[in-house]
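Accompanying notes for the structure given below.
Read-outs: derived from the displayed coordinates by stated rules, not from any lab. All values derive from a computational prediction rather than experimental measurement. For neighbour counting, all protein chains shown are included, and Cβ atoms are generated from backbone atoms with ideal geometry for every residue, glycine included.
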Amino acid sequence: MKRIYQDFAYGNGPVAECYWDTTIARPARRPGPAGEVTHEVAVIGGGYTGLSAAYHLAREGVDAAVIEANGIGWGASGRNGGFGSMGGTKASETSLLKRFGAAGMAEWYAAQKGACELLGELVDGLGLDVDAHSRGGEICVAHRPRDLTAFRAEKPDLERAYGVKAEVYDRADLESMGITGPEFHGGIRLPIGFALNPLKYVLGLARAAEGQGVTVYEDAPVSAISRDNGAYLLTTPTGRVRAKKLILATNGYSSEDVPGWMAGRYLPALSAILVTRELTEAEIAAQGWTTDYMVYDSRNLLHYVRMLPNRRFLFGSRGGTSSSAEALTARRAIVRASFERMFPAWAKVETPHFWSGLVCLTRDLTPFAGPIGDWDNAWTGYGWHGNGVALGTWSGRLLAGLATGTRTAPALMAPPPRRFPFGAARRGLLRPAYAWYGWQDR
């Protein structure tokens, strides 16, 4: 497979210190396909999107198989911040309204809300133990006073769009809620979504899919996709999978050549997370952070934070354009410095866990779910823009519906992504983009 980052990004180095792997033991990996096996639908990718697609297909009586290059949840699904929240685009509301109109935006708002509802239905309905909290939604905090003014102006529009009551808080309100820091000037809360342990969720979703009859293959990277007598033939190191229909669900861990249609149509971006040791009651009181709400700030290059149920603190941020052992060490220092600046009372608190992974952008900054070019009976979904816990799950169900002819994609998710310029060198575009966002965030 041809990919656009250094090999380090696709190995175990970035995730070696991931906190989530200390919270649950991964099961022994399932074997890859032996010889040639046949299924009705082959799903490439064992994360939220692929597993959700297979689960929902199986519930309709479809013989589906998941083919995962590493282990279930090895990519972003097993290492993200666990924010089951709305989102999925990086484009402005103004530009989206211009492109898709009021009806298209209403459809998109409903999709985001529906994604969080589906996530809750799966977690609760399947009885998944995922350490869920922040059931009251998420809070965006204003990192500048003028952003609080913008929140107040946006409140009526958000309430109309999502059909819920939004709450706007000033600094004193936040402090009374246990959200304290020198860069938090106010906030706004939408009561939609919740937080969870992402690895426990993806492993639980895999168990649920297998319970419906889905076959899961691991350590089975697909090196080639060909056509044979009207079927797709997927080549892996241990065997081949033959299927009438194909779903590709690899998001930021996609490749340029499997299939070639993907080349240039996605842009992985690095996101990194650190987690503290368990905090004492005195340390929590010193910082004034007692809430269990999931919180993110109003920057373009945002920070996302939450107190975990065991009183460890999670702190994540975007940034970086290179993936190597040296780059990971440098990124750790940058993220740690931001953590100490934003939470000064914890400047001496150890952060033993640090890791990174890839989120996925598209050129138009909107997600996609639809056909793979002109291929018959083949679909893909990707481009969650860092919000894949809920949207990836929902889009998996959508892809299952596309495969069975029972669902259609929202207008905002239907246009095929355009190719980025500069081909395999396109991650260089991130450097000026980050500089521009950083200037805007001042």
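The table below lists the values:
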{"quantity": "Helix-derived mean residue ellipticity, 222 nm - over the chain, DSSP H n ≥ 4, -39500 (n - 2.57), to 500", "calculated": "-10000 deg cm²/dmol"}
{"quantity": "Computed log₁₀ I(q)/I(0) - Debye formula, equal Cα scatterers, no solvent, segment 318-442, q 0.23 Å⁻¹", "calculated": "-1.35"}
{"quantity": "Calculated over the chain: convex hull of Cα atoms, volume per residue (Å³)", "calculated": "132 Å³"}
{"quantity": "Simple label model, 7 Å out from Cα along Cβ direction - Phe8 to Leu97, nm", "calculated": "4.4 nm"}
{"quantity": "Modelled FRET efficiency - R0 35 Å, Asp170 with Ala333, Cβ distances, 0.05 increments", "calculated": "0.55"}
{"quantity": "Cα pair count fraction exceeding 19 Å, expressed as % - segment 312-386", "calculated": "54 percent"}
{"quantity": "Arg442/Thr38 FRET efficiency (R0 60 Å; Cβ-Cβ; nearest 0.05)", "calculated": "0.55"}
{"quantity": "At most 16 other Cβ within 10 Å, DSSP loop - chymotrypsin sites (Phe, Trp or Tyr not before Pro), segment 380-436", "calculated": "Phe422"}
{"quantity": "Top of Asn12, Asn251, Asn70 by mean-square fluctuation, Gaussian network on the chain, Cα under 10 Å", "calculated": "Asn12"}
{"quantity": "Percent of Cα-Cα distances greater than 20 Å, calculated over segment 205-352", "calculated": "65 percent"}
{"quantity": "When each of Lys155/Lys245; Lys90/Lys165; Lys2/Lys200; Lys2/Lys245 is checked by Cα-Cα distance, pairs over 32 Å", "calculated": "Lys155/Lys245"}
{"quantity": "Near-label residues of segment 52-69 by backbone N, under 20 Å of a point 7 Å along Cα→Cβ of Thr406", "calculated": "52-66"}
{"quantity": "Mean shadow area of segment 116-271 over all directions, Cα convex hull, nm²", "calculated": "13.7 nm²"}
{"quantity": "For the chain, built as a Gaussian network whose Cα springs stay under 10 Å, the top-fluctuating residue of Ala409, Ala195, Ala285", "calculated": "Ala285"}
{"quantity": "DSSP-assigned coil residues among trypsin sites (Lys or Arg not before Pro) in segment 62-121, each with at most 11 further Cβ atoms within 10 Å", "calculated": "none"}
{"quantity": "Cα gyration tensor category, rounded, prolate or oblate, for segment 123-193 with a/c compared to 1.5", "calculated": "oblate"}
{"quantity": "At R0 = 41 Å, FRET efficiency that the Cβ-Cβ distance of Ala110 and Glu350 yields, to 0.05", "calculated": "0.40"}
{"quantity": "Amide hydrogen neighbours beyond the local backbone of Thr380, cut-off 5 Å, H modeled", "calculated": "Leu248, Gly370, Ile372"}
{"quantity": "Trypsin sites (Lys or Arg not before Pro) restricted to segment 303-355 and DSSP loop, no more than 11 other C-beta within 10 Å", "calculated": "Lys348"}
{"quantity": "Rg/Rg_ref, segment 42-152, where Rg_ref = 2.2 N^0.38 Å and atoms are Cα", "calculated": "1.33"}
{"quantity": "Dipole of segment 1-159, positive direction: furthest Cα of Leu128, Ala91, Ala28, with charges on the beta-carbon", "calculated": "Ala91"}
{"quantity": "Cα long-axis angle, helix 430-440 against the chain (0 to 90 degrees, to the nearest 10)", "calculated": "30 degrees"}
{"quantity": "Magnitude of the charge dipole, the chain, Cβ model with Lys/Arg +1 and Asp/Glu -1, debye to 20", "calculated": "1000 debye"}
{"quantity": "Whole-angstrom gap from segment 415-442 to segment 324-367, using each part's C-alpha centre", "calculated": "19 Å"}
{"quantity": "Dipole magnitude of segment 273-409, debye to nearest 20 (Cβ charges: Lys/Arg +1, Asp/Glu -1, about Cα centre)", "calculated": "180 debye"}
{"quantity": "Among Gly252, Gly101, Gly357, residue whose mean-square fluctuation peaks in a GNM of the chain (springs only between Cα atoms under 10 Å)", "calculated": "Gly101"}
{"quantity": "Chain lengthening between Glu60 and Ala25 when straightened (0.36 nm per residue, less Cα-Cα)", "calculated": "9.5 nm"}
{"quantity": "DSSP bridge orientation in the chain - percent antiparallel, rounded to nearest 5", "calculated": "65 percent"}
{"quantity": "Footprinting exposure proxy for Thr351, Thr408 (fewest neighbouring C-beta atoms within 10 Å first)", "calculated": "Thr408, Thr351"}
